[in-house]
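These notes concern the structure reproduced below.
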Amino acid sequence: MYSMIPENIVPVSLTLGPVTTNGGVTTDYISLKNVHRVVAVFHLKQAAGHATGIDPVQAQAVAGTNVKAITNTVPIWANEDVAATSVMVRQTDAITYNVTNDVKSKIVTMDIDPAGFDVAGGFDCLAFTIDDSSQANNFVSAVAYIVPRYPGVNVIVD
């Protein structure tokens, strides 16, 4: 048995493969016009313990114009040790998530609803910042799975 990404879901790479968290990371920005929801998936490889934070941010353009933090909490799931289990554990809804400070491989997902953005202020773009771990051998990769608002409508992500 296998699973598939549903036909209307659009996967978008937010990082071009794994990148070091040394110095911090800002993912690519994506437009949320015509988007119903975004599920962002982060894979972290912690070779040195660090309570790395993942923060969704909103902007007025995919160039990262006028970036600010989101204000609505989002559903979060995490697996803090993928070598030990495949179970994702529901976390407390929040506007940020910090992984545990240990040497493990982790998966974190955030379910983003664009309706919670400052749409009236022109904020319809999403990115994530990942804290500086000060460790060249700690890595993150991120993919957004976009659910279009209307079936059959193309989603423009850049």
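The values are calculated or read from the model by the stated rules, or taken from the named source; none is laboratory data. None of the values given here were measured: they were computed from a predicted structure. So basically every Cβ, Gly included, is an ideal-geometry build from the backbone, and we count neighbours across all protein chains shown.
Met110 passes all but one of (1) hydrophobic (A, V, I, L, M, F, W, C); (2) in a helix (DSSP H, G or I); (3) at pLDDT 95 or above; which number fails?
(2)
Within region 87-98, can one find any residue that is more than 13 Å from the chain's Cα centre (by Cα) and in contact (Cβ under 8 Å) with a residue 24 or more places away in the chain?
There is no residue in region 87-98 that is more than 13 Å from the chain's Cα centre (by Cα) and in contact (Cβ under 8 Å) with a residue 24 or more places away in the chain.
Examine region 115-127 for a residue that is surrounded by 17 or more Cβ atoms within 10 Å (Cβ to Cβ), closer than 12 Å to Ala51 by Cβ and modelled with pLDDT of 95 or more, and state whether such a residue exists. Before the answer, list the steps.
Start the filter on region 115-127 by keeping residues that are surrounded by 17 or more Cβ atoms within 10 Å (Cβ to Cβ), which leaves 117, 123-127.
So of that shortlist, the ones also closer than 12 Å to Ala51 by Cβ come out as none.
No, region 115-127 has no match at all.
Specify which of the listed residues (Val41, Val108, Val12) is crowded, with 19+ Cβ neighbours inside 10 Å and touching a residue at least 60 places away in the same chain (Cβ under 8 Å). Steps first, please.
Values: Val41 fails: crowded, with 19+ Cβ neighbours inside 10 Å; Val12 fails: crowded, with 19+ Cβ neighbours inside 10 Å.
Step by step, each of Val41, Val108, Val12 is checked, and only Val108 is crowded, with 19+ Cβ neighbours inside 10 Å and touching a residue at least 60 places away in the same chain (Cβ under 8 Å).
Can Ala59 be described as closer than 20 Å to Ser141 by Cβ and small (Gly, Ala, Ser)? It would help to see each step written out before you state the result.
Values: closer than 20 Å to Ser141 by Cβ: no; small (Gly, Ala, Ser): yes.
Against the criterion (closer than 20 Å to Ser141 by Cβ and small (Gly, Ala, Ser)), Ala59 does not qualify.
Enumerate the pairs (first residue in region 129-141 and over 18 Å from Val57 (Cβ atoms); second residue anywhere and of a type in the set (Lys, Arg)) with beta-carbon separation below 7 Å, excluding pairs fewer than 6 apart on the same chain, so at least 6 apart or on different chains.
Asn138/Lys45; Phe139/Lys45
Being surrounded by fewer than 16 Cβ atoms within 10 Å (Cβ to Cβ) and assigned to a strand (DSSP E or B) is the filter here; which residues of region 21-35 pass it?
Thr26
Output yes when any residue across region 19-26 is over 13 Å from the mean Cα position of the chain (by Cα) and at positive phi, and no when none is.
Just the residues of region 19-26 that are over 13 Å from the mean Cα position of the chain (by Cα), to begin with: 19-24.
Narrowing further to those that are at positive phi: 23-24.
There is at least one residue in region 19-26 that is over 13 Å from the mean Cα position of the chain (by Cα) and at positive phi.
Being surrounded by 12 or more Cβ atoms within 10 Å (Cβ to Cβ), among the charged types (D, E, K, R), at pLDDT 95 or above and closer than 17 Å to Tyr145 by Cβ: is that true of Asp55 here?
Details: surrounded by 12 or more Cβ atoms within 10 Å (Cβ to Cβ): yes; among the charged types (D, E, K, R): yes; at pLDDT 95 or above: yes; closer than 17 Å to Tyr145 by Cβ: no.
Criteria not met by Asp55.
If you check Asp132, Asp102, Asp158, which single one turns out to be assigned to a loop (DSSP other than H, G, I, E, B), loosely packed, with under 14 Cβ neighbours inside 10 Å, at pLDDT 95 or above and out of contact with any Leu (no Cβ under 7 Å at 6 or more places or on another chain)? Walk me through it before giving the result.
On the way: Asp132 fails: loosely packed, with under 14 Cβ neighbours inside 10 Å; Asp158 fails: at pLDDT 95 or above.
Criteria check complete, one pass: Asp102.
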